[in-house]
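Encoded as structure tokens, the structure appears first; notes follow it.
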Amino acid sequence: MPSVKYQRGDMVMGRWPGSSLYYEVKVLSFDTKSQLYTVIYKDGTELELKEQDMKSASGFQARTRSRSRSRSPGRRRSRSRSPARTTRRSSSRTAAVVAAAAITESAPSSRRDARLKEAVEVRLSPLAEAEPEKNQSRYNLRRRKDDGEAKQAEAKPEQLEEKEAKLAAAPSAIPTPLDFGGKIGAYFWLLFLPAWVLFVILQVNLADPSLANFPPPLPPIEDFWDAQALGFVVLWILFQALLYILPVGKLSEGMPLRSGERLKYRTNGFFAIVVSSVAAAVAVHQGVDLTYIHSRFLQLAVASFLISVLLSVYLYVRSRYATPERLALGGNSGNVVYDFFKGHELNPRIRDFDLKFFCEMRPGLIGWCLINFAMALAEMKYQGLDAPSYSMILVNVFQLLYVVDGLWNEEAILTTMDLMHDGFGFMLAFGDLVWVPFTYTLQAYYLVSHPNPLSLPALATIVTLKLLGFYIFRKSNSEKNAFRRNPADPKLSHLKSIPTATGKSLLVSGWWGVVRHPNYLGDLIMALAWSLPCGFSHLLPWYYMIYFIILLVHRDSRDMSECRRKYGSAWEEYCRTVRYRIIPRVY
């Protein structure tokens with residue numbers, strides 16, 4: 001087995017992707033399969049680098065000082081010298097501060113204003129590896145023609161000290177861009193999200209659930225609370241927790257954390273939904289009336305909301321005692337309300353019980369299917385049917401297949417943005433326990449009181465649309481997963497890709513050569529198939545389709561920012577090659 005040159009915790013110099021500039025980084029881990037080091041820059045950026053793109057800090061500084069001493073005075077005065085050979089008077093410590101600060105403002109490979117680039121490059125000189133000038137033609141930045149202009153670009157000493165103090169802190173303390181409208185947006189979403197769930201639940205029960213009507217009047221306060229509903233929700237969560245901790249299924253390894261640690265997850269979601277389905281069938285056979293879920297839908301939603309709030313408070317309080325490396329970069333703003341909403345701790349656990357992973361995949365997701373099943377029983381009961389309508393069957397089957405597919409491929413969620421980057425706070429707790437089970441079931445809930453008969457041609461069209469969306473979704477994900485596992489597989493030799501400085505390649509063939517997110521495209525087509533069985537009489541059952549478009553566009557924007565920072569110039573080339581984001585020739 002080959003020896004590892006750098007160990008976890010080592011401070012070395014790492015080359016920034018797409019450039020010849022080196023910055024101080026900390027080694028987090030080493031992947032023996034890909035032969036790549038995972039490192040973190042001082043701004044919190046995590047990348048994977050090859051060994052040849054890394055140099056020991058002591059040897060790097062020695063070579064830099066040696067080159068500086070060997071220059072003649074006349075050479076130092078030359079205006080044509082390369083950026084790596086400028087300014088002896090700047091200490092390496094000061095240059096390192098400015099260099100690391102520059103990362104947070106702009107990736108070295110981005111094409112910014114030439115004057116800004118020149119100012120930054122002058123200050124980066126002690127950190128930049130002096131490559132032959134012919135190899136720097138793409139990234140070489142000319143120094144200012146006027147020395148006075150260059151002096152104006154130098155930061156004041158007190159400014160440098162302030163930046164140095166920030167960069168000396170833990171990576172988690174470095175400010176990151178705020179999402180969802182920032183601190184003011186956090187207040188808005190904390191109020192709007194529960195209010196919207198309450199609105200759609202009350203609206204869908206109306207004889208005319210038109211969004212053009214005034215909001216329905218609030219029911220009496222006692223109608224919001226039902227102790228039996230709270231007990232039902234608690235029992236359901238405990239039942240799912242029991243299935244989660246059973247030693248059944250695969251023990252999967254998550255992605256490396258900033259500390260280099262890889263958490264383990266029990267990925268037995270498919271087992272959980274099978275057992276839950278059997279339990280629901282046995283309950284109905286024994287005479288349990290699951291239409292209770294329909295008649296107490298509001299009370300169940302309120303009970304789930306209370307549990308999500310209590311869980312969010314617990315998560316925030318415990319995060320105050322978490323070590324810095326366990327905090328989420330995006331939920332560490334210092335503002336209590338924003339961090340409470342976004343999530344302060346990245347992977348909160350009670351021993352080996354991962355709270356975020358459990359809530360993401362179990363109570364709400366499987367509960368979604370249970371509620372749909374209860375709505376089908378309610379439709380039969382209240383409309384006097386011997387079997388559910390075609391519309392109700394389509395909604396139940398389509399959404400059940402979607403959930404089962406997600407739980408069958410549960411391990412894939414370990415590489416998603418939610419698990420890797422987002423902290424666990426109110427946003428995800430409310431989303432998992434309230435938003436998913438009580439808004440994604442809106443089509444089935446709507447059909448109980450507003451039937452929509454389907455003709456056979458309409459039925460065939462909707463099924464075809466669903467199959468098309470599922471094919472695109474599954475095929476594109478399979479292409480991506482196979483390419484990630486083994487890009488050198490002969491079966492994938494026909495696929496084209498763009499190499500990056502991180503050692504990874506960006507796939508530009510198959511569905512990934514059509515749009516940048518073909519899996520999102522498949523998701524949208526499937527969402528359309530879920531809404532069509534409800535007809536076009538009202539906009540309310542189309543809520544999921546509208547919401548999903550907004551969600552995916554926002555997620556695409558976050559992906560773009562992250563990939564641009566991670567892959568540099570290779571990402572720009574990728575965007576020129578694959579022009580459309582989600583919908584071909586539209587967006």
Some residue of segment 455-474 being in contact with a helix residue (DSSP H, G or I) (Cβ under 7 Å, 6 or more places away or on another chain), within 30 Å of G331 (Cβ to Cβ) and either outside any helix (DSSP H, G or I) or among the hydrophobic types (A, V, I, L, M, F, W, C) (or both): yes
Qualifying residue in segment 496-505 (condition: in the same structural domain as E479 (by TED's automatic domain parsing), more than 23 Å from M375 (Cβ to Cβ), in contact with a Pro (Cβ under 6 Å, 6 or more places away or on another chain) and free of Cβ contacts under 8 Å to residues at least 24 places away in the same chain): yes
Sole exception among (1) in the same structural domain as G343 (by TED's automatic domain parsing); (2) at pLDDT below 95; (3) under 30 Å from E46 (Cβ atoms) for P256, by number: (1)
Some residue of segment 347-361 being in contact with a Phe, Trp or Tyr (Cβ under 8 Å, 6 or more places away or on another chain), acidic (D, E) and within 17 Å of L257 (Cα to Cα): yes
Residue match in segment 253-266 (condition: acidic (D, E) and in a helix (DSSP H, G or I)): no
Qualifying residue in segment 517-539 (condition: more than 30 Å from I393 (Cα to Cα), touching an Asp or Glu at 6+ places or on another chain (Cβ under 8 Å) and not hydrophobic (A, V, I, L, M, F, W, C)): no
Pair list, Cβ < 7 Å and 6+ apart or interchain, from segment 464-483 residues that are over 14 Å from L524 (Cβ atoms) to residues that are assigned to a helix (DSSP H, G or I) and modelled with pLDDT under 85: K475/W511; N477/N519; E479/G510; E479/W511; E479/W512; K480/W512; A482/L492; F483/L492
Residue among P247, P215, P209, P194 that alone is in a loop (DSSP other than H, G, I, E, B), of a type outside the set (F, W, Y) and buried (at least 17 other Cβ atoms within 10 Å of the Cβ): P209
Filter result for L257 (closer than 26 Å to T416 by Cα and crowded, with 17+ Cβ neighbours inside 10 Å): yes
Hey, L230 surrounded by 11 or more Cβ atoms within 10 Å (Cβ to Cβ), more than 28 Å from V337 (Cα to Cα), modelled with pLDDT of 90 or more and within 32 Å of the chain's Cα centre (by Cα) or not: no
Flag for Y292 being in contact (Cβ under 8 Å) with a residue 40 or more places away in the chain, surrounded by fewer than 23 Cβ atoms within 10 Å (Cβ to Cβ) and over 24 Å from the mean Cα position of the chain (by Cα): yes
Which listed residue, of R576, R558, R581, R564, is farther than 14 Å from G469 by Cβ, not in a helix (DSSP H, G or I) and not aliphatic (A, V, I, L, M): R581
Selection count, segment 411-447, where residues are touching a Lys or Arg at 6+ places or on another chain (Cβ under 9 Å) and part of a helix (DSSP H, G or I): 10
For K264: the one exception among (1) in contact with an Asp or Glu (Cβ under 9 Å, 6 or more places away or on another chain); (2) assigned by TED's automatic domain parsing to the domain that holds A186; (3) not aliphatic (A, V, I, L, M): (2)
Conditions (1) more than 26 Å from L235 (Cα to Cα); (2) touching an Asp or Glu at 6+ places or on another chain (Cβ under 8 Å); number of the one not met by L467: (2)
Total residues in segment 521-550, condition surrounded by 22 or more Cβ atoms within 10 Å (Cβ to Cβ) and at pLDDT below 85: 0
Qualifying residue in segment 332-350 (condition: small (G, A, S), more than 27 Å from L251 (Cα to Cα) and either in contact (Cβ under 8 Å) with a residue 60 or more places away in the chain or out of contact with any strand residue (DSSP E or B) (no Cβ under 6 Å at 6 or more places or on another chain) (or both)): yes
Criterion violated by D179 - all others in (1) more than 20 Å from H421 (Cβ to Cβ); (2) crowded, with 17+ Cβ neighbours inside 10 Å satisfied: (1)
Residue within segment 233-240 that is surrounded by 14 or more Cβ atoms within 10 Å (Cβ to Cβ) and without any contact (Cβ under 8 Å) to a residue 60 or more places away in the chain present: yes
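The values are calculated or read from the model by the stated rules, or taken from the named source; none is laboratory data. All of these numbers come straight from a predicted model, not from anything done at the bench. When we count neighbours, we look across all protein chains shown, and the Cβ atoms used for this are built from the backbone with ideal geometry, even at glycine.
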